[in-house]
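The values are calculated or read from the model by the stated rules, or taken from the named source; none is laboratory data. Worth saying up front: this structure is predicted, and the values here are computed from it rather than measured. For neighbour counting, all protein chains shown are included, and Cβ atoms are generated from backbone atoms with ideal geometry for every residue, glycine included. These accessible areas exclude ligands, DNA and RNA; they are computed on the full protein's heavy atoms, side chains included. Shrake-Rupley method; radii C 1.70, N 1.55, O 1.52, S 1.80 Å.
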Amino acid sequence: MSSALALTIALTGCGSPNPAAGGGSGGALVVAGYGGSFETAFRDSVLPAFEKSCGCKVTYIPGSSTDTVAKLKAQRANPQIDVALVDDGPQAQALEAGLLASVDPKVVPVDDVVPIARMENNSGVGFGLTATGIAYNPEWFEDHGIPKPTTWEDLANPKLKDKVVLPSITNTYGVGLLVGASKANGGSEKDVDPGLTAVKKIAQNAATFDTTADVSNYFLQGQAAASVWGVSRTSTLAEKDFPIEFVYPKDGAIGLVTTANVVKKAPHEEVAQKFVAHLLEPSVQQTLAKATYDGSVVKGVKEDPALKNKVVSADKVDSLLRLDWKTINKNRSAWTDQWNKQVESK
């Protein structure tokens, strides 16, 4: 959605625009972030509280992380976006491209967040956390006499032939699987050959390779008994009373961080810093956990017992593997070629 179609309201009393960066979108603080249920939660519960606290109004532009980074690149000479909410992979690309300003630790309480949510040189900060692991249908597994999967390798069980929907390497879940399998077998982002070998074995059970990052329909239609997926998406499907559970593999689930970033030369940088800080308020962290199933990144935030198995809880955070996105982005094209030849060409 373009900013012309977004809700645009005048900014008042929240600091002066940066004249060197152009006028922004009609003088409004512009936040580009996720759509869907995330956008709904923001409009209903996050934006009104911030607008009230600073006496301002906000334009919210929904879109995917890659779309948002593309907008930042297109607007490099005259930024129109103040705050970009993107996944940690695209965030690393935006940082490499010189599109992000540092958050001010005097305004944004970066020291209060868990290590996995700290960005390089405070180039941004994580405000939500989810994990990539194994989603599976416990009823189907029980009916077929298959134990609950506990490692990535368990997806190679021959009894799962044609019942595993694997992510494509083109989406983040596919990258997570490759790196997770690599680390489980002695490799890393700098050596993914062990991961390719392991994933090739799992691929013998693949019904298909999904490029959308949403495998809900494969489960609902009975095509999938297991997949590599995120805990937040798994929890969303479970809301529909579908028998599905999420497993944190013993050899390491992959941490995925939603990041908040002040755009370099943002029209309203001062307010942008305050908005990022607002996202780390305990009440906002709790709201987002309930609405989007993103776990809190702020130390000591009280957790809702009802969300214990639906979000990344505090006791799981330290076990998550952090992806080296700088290395991944540098090598992703080569990995895609290798994956296509060795994994999907089965």
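Which of the listed residues, Gly295, Val262, Val284, is farthest toward the dipole's positive end in the chain, when Lys, Arg count +1 and Asp, Glu count -1 at the beta-carbon?
Among Gly295, Val262, Val284, the one farthest towards the positive end of the dipole of the chain is Val262.
Just to confirm my numbers, what's the Cα centroid distance between region 31-47 and region 55-69 in Å?
9 Å
Considering only DSSP beta bridges with both partners in region 131-254, what is the antiparallel share in %, to the nearest 5? List each step's numbers first, then the result.
Numbers: 10 of 16 bridges.
If we restrict to bridges inside region 131-254, about 60 percent are antiparallel.
Using 0.36 nm per residue, how much length does the chain from Gln75 to Leu220 gain when fully extended, once their Cα-Cα distance is taken away?
Working: separation 145, 0.36 × 145 = 52.20 nm, distance 4.11 nm.
Stretched out fully, the Gln75 to Leu220 stretch lengthens by 48.1 nm.
What does the extension gain come out to for Asp315 and Lys250, with contour length at 0.36 nm per residue minus their alpha carbon separation?
Numbers: separation 65, 0.36 × 65 = 23.40 nm, distance 1.41 nm.
Contour length minus Cα-Cα distance gives 22.0 nm.
Report the relative contact order of region 19-174, percent, no decimals, based on alpha-carbon pairs under 8 angstrom and at least 6 residues apart. Walk me through the numbers on the way to the answer.
Values: 138 pairs, mean separation 28.1, N = 156.
The normalised contact order for region 19-174 reaches 18 percent.
Ignoring ligands, DNA and RNA, what accessible area per residue does the chain give at 1.4 Å, in Å²? Can you show the working numbers first?
Working: 14890 Å² over 346 residues.
Accessible surface, normalised per residue, equals 43 Å².
Considering only protein heavy atoms, with the full assembly of protein chains and a 1.4 angstrom probe, order Tyr218, Tyr136 by accessible area, largest first. Present the calculation step by step, with values, prior to reporting the outcome.
On the way: Tyr218 55, Tyr136 10 Å².
So, going from the largest accessible area down, we get Tyr218, Tyr136.
Rounded to the nearest 20 Debye, what is the dipole magnitude of region 131-254 about its Cα centre when Lys and Arg each give +1 and Asp and Glu each give -1 at the C-beta?
In total the dipole reaches around 240 debye.
Take the cross-link list Lys148/Lys299; Lys148/Lys183; Lys265/Lys290; Lys159/Lys200; Lys106/Lys330; Lys274/Lys299 and give me the ones stretching past 23 Å between alpha-carbons. Please list the in-between numbers first.
Numbers: Lys148/Lys299 31 Å; Lys148/Lys183 21 Å; Lys265/Lys290 33 Å; Lys159/Lys200 16 Å; Lys106/Lys330 33 Å; Lys274/Lys299 19 Å.
Among Lys148/Lys299; Lys148/Lys183; Lys265/Lys290; Lys159/Lys200; Lys106/Lys330; Lys274/Lys299, the Cα-Cα distance tops 23 Å for Lys148/Lys299; Lys265/Lys290; Lys106/Lys330.
Can you compute the helix-only [θ] at 222 nm over the chain? Use -39500 (n - 2.57) per DSSP H run of at least 4 residues, normalise by all residues, nearest 500 deg cm²/dmol. All intermediate terms of the calculation are to be shown ahead of the outcome.
Working: 13 runs with 119 residues, N = 346.
After summing the helix terms and dividing by residue count, I get -10000 deg cm²/dmol.
Label region 131-254 by shape, choosing from rounded, prolate and oblate, from the square roots a ≥ b ≥ c of the eigenvalues of the Cα gyration tensor; if a/c is under 1.5 it is rounded, and otherwise prolate applies when a/b is larger than b/c, oblate when it is not.
Details: a/c = 1.67, a/b = 1.45, b/c = 1.15.
It is prolate, given that a/c is not under 1.5 and a/b is the larger ratio.
Name the residue from Pro305, Val343, Pro243 whose Cα lies farthest towards the positive end of the charge dipole of region 233-346, charges +1 on Cβ of Lys and Arg and -1 on Cβ of Asp and Glu.
Val343
Please compute the modelled spin-label separation between Lys302 and Arg43, points set 7 Å along Cα→Cβ, answer in nm with one decimal.
Each label point is offset 7 Å from its Cα along the Cβ direction, giving 3.1 nm.
What is the spread of the Cα atoms of the chain along each of their three principal axes, largest first, in whole Å?
Sorted largest first, the three principal extents are 64, 42, 36 Å.
Pulled fully out, how much extra length does the chain show between Glu142 and Asp241, if you take 0.36 nm times their separation in residues and subtract their Cα-Cα distance?
33.9 nm is the gain from fully extending Glu142 to Asp241.
Rank by packing, highest mean first: peptides 307-316, 224-233, with packing defined as the count of other Cβ atoms within 10 Å averaged across residues.
Numbers: 307-316: 17.4, 224-233: 26.2.
With the highest mean Cβ count within 10 Å placed first, the list reads 224-233, 307-316.
Which cross-chain or sequence-distant (5 or more) residues have an amide H under 5 Å from the amide H of Asp87, H modelled 1.01 Å from N in plane?
Answer set, sorted by chain and number: Ser65, Thr259.
With the full set of protein chains in place, find how many percent of the accessible area of region 131-254 is carbon and sulfur; take the probe as 1.4 Å.
Values: 2240 of 5050 Å².
C and S atoms contribute 44 percent here.
Can you figure out the FRET efficiency of Gln342 with Arg322, using R₀ = 22 Å and their beta-carbon distance, to the nearest 0.05? It would help to have the intermediate numbers written out before the result.
Values: r = 25 Å, r/R0 = 1.16.
Using R0 = 22 Å, I get an efficiency of 0.30.
Taking Cα centroids, how far is region 89-149 from region 269-318 in Å?
12 Å
Can you classify region 264-346 as rounded, prolate or oblate using the Cα gyration tensor, where a ≥ b ≥ c are the square roots of its eigenvalues, rounded means a/c under 1.5, and otherwise it's prolate if a/b beats b/c and oblate if not? Provide the component values of the computation, followed by the final result.
Details: a/c = 2.98, a/b = 1.44, b/c = 2.07.
Note, shape of region 264-346 comes out oblate.
All other residues with a Cβ under 15 Å from the Cβ of Ser333 taken together, and with Lys, Arg as +1 and Asp, Glu as -1, what is their net charge? Present the calculation step by step, with values, prior to reporting the outcome.
Numbers: positive: Lys326, Lys330, Arg332, Lys341; negative: Glu96, Glu189, Asp337.
It works out to a net charge of +1.
Kindly rank 124-133, 291-300, 68-77 from highest to lowest mean number of other beta carbons found within 10 Å of each residue.
Values: 124-133: 27.1, 291-300: 21.3, 68-77: 16.7.
Ranked by mean Cβ neighbours within 10 Å, highest first: 124-133, 291-300, 68-77.
Mind putting a number on the dipole of the chain about its Cα centre? Charges go on the C-beta only, +1 for Lys and Arg and -1 for Asp and Glu, and I need it in Debye to the nearest 20. List each step's numbers first, then the result.
On the way: 34 positive and 38 negative charges, 100 e Å.
Its charge dipole is roughly 480 debye.
Which FRET efficiency, nearest 0.05, do Ser333 and Ser53 yield, Cβ-Cβ r, R0 56 Å? Let's see the in-between values first.
Values: r = 44 Å, r/R0 = 0.79.
Efficiency at R0 = 56 Å is approximately 0.80.
For the chain, what is the percent of antiparallel DSSP beta bridges, rounded to the nearest 5? Could the numbers behind the result be given before it?
Details: 26 of 41 bridges.
Within the chain, antiparallel bridges account for around 65 percent of the total.
Let me check something: with ligands and nucleic acids excluded, how do Trp140, Trp152 order by accessible area (1.4 Å probe), largest to smallest? Don't skip to the end; give the middle numbers.
Numbers: Trp140 50, Trp152 5 Å².
Greatest to least solvent exposure: Trp140, Trp152.
Considering the options Ser232, Gly128, Leu100, tell which one lies farthest towards the positive end of the dipole of the chain, charges being +1 on Lys and Arg and -1 on Asp and Glu at the Cβ, about the Cα centre.
Leu100
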